[in-house]
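Below is one structure, written out as structure tokens; the observations come after it.
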Amino acid sequence: MNFNWDIFWQYLLQPSDVYLRALWMTCVIAVLAMALGCVIGLLTALMRLSSNPLIQAPARFYVWLMRGTPLLVQIVFLYTALAAGGIFRFEDLDLGWVVIPGNLQAAIIALGLNEGAYMAEIMRAGIGAVDKGQYEAGRSLGMTFGKLMRRIVLPQAFRIIVPPLGNEFNLMLKNTTLVSVIGVQELLLSTQMITSATFRVFELYLVVAIYFLALTTLWGFFQTWLERRFGQSDRRPATASKRMFGSYTAKLLRGR
């Protein structure tokens, strides 16, 4: 195999502006889509917990639809199919100081909608795990539903939600590659454009794999800190090495 080490080290250690912009775009998409997914997930979880079937039904349908269809299909449908059917077209949004392309809007919304369905089930489980006596204590103090959730339930549920939420963001970072299909220039599409000009496919795809590995590894360390900071006191959070390599391998790495 004719491996060009010069190209490999150049793009790995001295990335071009195209690569740096793509790396920034990947992080921005992941953060915004995850934030949107958390908001949608919380609202959907509260609807699922409602005793009113008219409120429950739309939430159940949304979760069923989003979790039952491929994310790639959802992205293409939202951006391409809706425009082709004359239903809705994402136009570039000019905010004065920045222009947000239509395909970027569609990418964030599609990823956020998909993530919202998974976060809804995670949050529903977290809220459901809070002791029922906490609800009764809040009501006895005359708290409204919103205040009860904000002051008592959600802070306790958040401790349970943190570990799966961190895992979902790790997955979100990798799912950003799917938006390349609608022309969003994140890491994967930028790499494809460079390989078409340099013909150094193996070297550049290895570089992009290392970039993603670095992103998910850094997030793994942050997630470990987050779990130690907000996690349950009676549960020892997984270390970053255990999260990435598994329990047995992590013990070997620590020399145990």
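Does Q134 satisfy being at pLDDT 95 or above and either aromatic (F, W, Y) or part of a helix (DSSP H, G or I) (or both)? Steps first, answer last, please.
Details: at pLDDT 95 or above: no; either aromatic (F, W, Y) or part of a helix (DSSP H, G or I) (or both): yes.
Against the criterion (at pLDDT 95 or above and either aromatic (F, W, Y) or part of a helix (DSSP H, G or I) (or both)), Q134 does not qualify.
Look at G166 and say whether it is more than 27 Å from L13 (Cβ to Cβ) and surrounded by fewer than 17 Cβ atoms within 10 Å (Cβ to Cβ). Before you say what the answer is, go through the steps one by one.
Details: more than 27 Å from L13 (Cβ to Cβ): yes; surrounded by fewer than 17 Cβ atoms within 10 Å (Cβ to Cβ): no.
Criteria not met by G166.
Considering L113, L148, which residue is in contact (Cβ under 8 Å) with a residue 24 or more places away in the chain and on the phi < 0 side of the Ramachandran plot?
Being in contact (Cβ under 8 Å) with a residue 24 or more places away in the chain and on the phi < 0 side of the Ramachandran plot holds for just one of L113, L148, which is L113.
Kindly indicate which of A45, A35 is farther than 30 Å from V98 by Cα, assigned to a helix (DSSP H, G or I), touching a helix residue (DSSP H, G or I) at 6+ places or on another chain (Cβ under 9 Å) and small (G, A, S). Explain how you work it out, then say what you get.
Values: A35 fails: farther than 30 Å from V98 by Cα.
Going through A45, A35 in turn, the sole match is A45.
Answer with yes or no whether F77 is open to solvent by 50 Å² or more (accessible area, probe 1.4 Å) and in a helix (DSSP H, G or I). It would help to see each step written out before you state the result.
Values: open to solvent by 50 Å² or more (accessible area, probe 1.4 Å): yes; in a helix (DSSP H, G or I): yes.
So F77 passes the test.
Output the number of residues of the stretch 15-48 satisfying the condition of being open to solvent by 70 Å² or more (accessible area, probe 1.4 Å) and either farther than 19 Å from L113 by Cα or touching a Cys at 6+ places or on another chain (Cβ under 6 Å) (or both). I'd like the intermediate steps shown before the answer.
Here is the first cut: in the stretch 15-48, the residues open to solvent by 70 Å² or more (accessible area, probe 1.4 Å) are 17, 20-21, 24, 31-32, 39, 43.
Those still in the list that are either farther than 19 Å from L113 by Cα or touching a Cys at 6+ places or on another chain (Cβ under 6 Å) (or both) too: 17, 20-21, 24.
Number of matching residues: 4.
I'm trying to understand the selection: among the residues of the stretch 49-61, which are assigned to a helix (DSSP H, G or I) and either open to solvent by 80 Å² or more (accessible area, probe 1.4 Å) or touching a Ser or Thr at 6+ places or on another chain (Cβ under 6 Å) (or both)?
Taking the stretch 49-61 and keeping what is assigned to a helix (DSSP H, G or I), we get 53-61.
Hits for the stretch 49-61 are P53, L54, Q56, A59, R60, F61.
So which residues in the stretch 115-153 are under 20 Å from the mean Cα position of the chain (by Cα) and not β-branched (V, I, T)? Spell out the reasoning first.
Residues of the stretch 115-153 that are under 20 Å from the mean Cα position of the chain (by Cα), as a first pass: 115-126.
Once the filter is applied, which keeps residues that are under 20 Å from the mean Cα position of the chain (by Cα) and not β-branched (V, I, T), the stretch 115-153 yields E115, G116, A117, Y118, M119, A120, E121, M123, R124, A125, G126.
Using the structure shown, decide if A197 is touching a Leu at 6+ places or on another chain (Cβ under 6 Å) and either part of a helix (DSSP H, G or I) or under 30 Å from L213 (Cβ atoms) (or both).
On the way: touching a Leu at 6+ places or on another chain (Cβ under 6 Å): no; either part of a helix (DSSP H, G or I) or under 30 Å from L213 (Cβ atoms) (or both): yes.
No; evaluated as a whole, the condition is false for this residue.
Here are K147, K132: which of them is of a type in the set (D, E, K, R), open to solvent by 50 Å² or more (accessible area, probe 1.4 Å) and touching a Gly at 6+ places or on another chain (Cβ under 9 Å)? It would help to see each step written out before you state the result.
Values: K132 fails: touching a Gly at 6+ places or on another chain (Cβ under 9 Å).
Only one candidate passes the filter, namely K147.
Just to be sure before I move on: is M1 in contact with a helix residue (DSSP H, G or I) (Cβ under 8 Å, 6 or more places away or on another chain), in a loop (DSSP other than H, G, I, E, B) and modelled with pLDDT under 95 in the structure I sent? Spell out how you get there, then give the answer.
On the way: in contact with a helix residue (DSSP H, G or I) (Cβ under 8 Å, 6 or more places away or on another chain): yes; in a loop (DSSP other than H, G, I, E, B): yes; modelled with pLDDT under 95: yes.
In short, yes.
Give the residue that is nearest to I160 (Cα to Cα), with candidates limited to residues of the stretch 84-124 that are assigned to a helix (DSSP H, G or I) and open to solvent by 50 Å² or more (accessible area, probe 1.4 Å). Step through it out loud before you land on a result.
Looking only at the stretch 84-124, we keep the residues that are assigned to a helix (DSSP H, G or I), and these are 84, 102-124.
Filter once more, keeping what is open to solvent by 50 Å² or more (accessible area, probe 1.4 Å): 84, 109, 113, 118, 124.
Details: A84: 43, I109: 26, L113: 22, Y118: 15, R124: 11 Å.
It comes out as R124.
Given the condition under 22 Å from the mean Cα position of the chain (by Cα), on the phi < 0 side of the Ramachandran plot and not small (G, A, S), answer yes or no: does some residue in the stretch 189-197 qualify? Can you show your working first?
Here is the first cut: in the stretch 189-197, the ones under 22 Å from the mean Cα position of the chain (by Cα) are 189-191.
Keeping just the survivors that are on the phi < 0 side of the Ramachandran plot gives 189-191.
When the remaining residues are screened for being not small (G, A, S), the result is 189, 191.
Checking the stretch 189-197: at least one residue is under 22 Å from the mean Cα position of the chain (by Cα), on the phi < 0 side of the Ramachandran plot and not small (G, A, S).
Among the listed residues I127, I194, I182, I160, identify the single one that is aliphatic (A, V, I, L, M), open to solvent by 30 Å² or more (accessible area, probe 1.4 Å), in contact (Cβ under 8 Å) with a residue 40 or more places away in the chain and touching a helix residue (DSSP H, G or I) at 6+ places or on another chain (Cβ under 7 Å). Even if it seems obvious, please write down each step before you answer.
Details: I127 fails: open to solvent by 30 Å² or more (accessible area, probe 1.4 Å); I194 fails: open to solvent by 30 Å² or more (accessible area, probe 1.4 Å); I182 fails: open to solvent by 30 Å² or more (accessible area, probe 1.4 Å).
None of the other options fit; the residue is I160.
The values are calculated or read from the model by the stated rules, or taken from the named source; none is laboratory data. Note that the structure is predicted; figures quoted are calculated from it, not measured. With ideal geometry, Cβ positions are generated from the backbone for all residues, glycine too; neighbour counts draw on all protein chains shown. Only protein heavy atoms, including side chains, enter the accessible area calculation; ligands, DNA and RNA are left aside. Shrake-Rupley method; radii C 1.70, N 1.55, O 1.52, S 1.80 Å.
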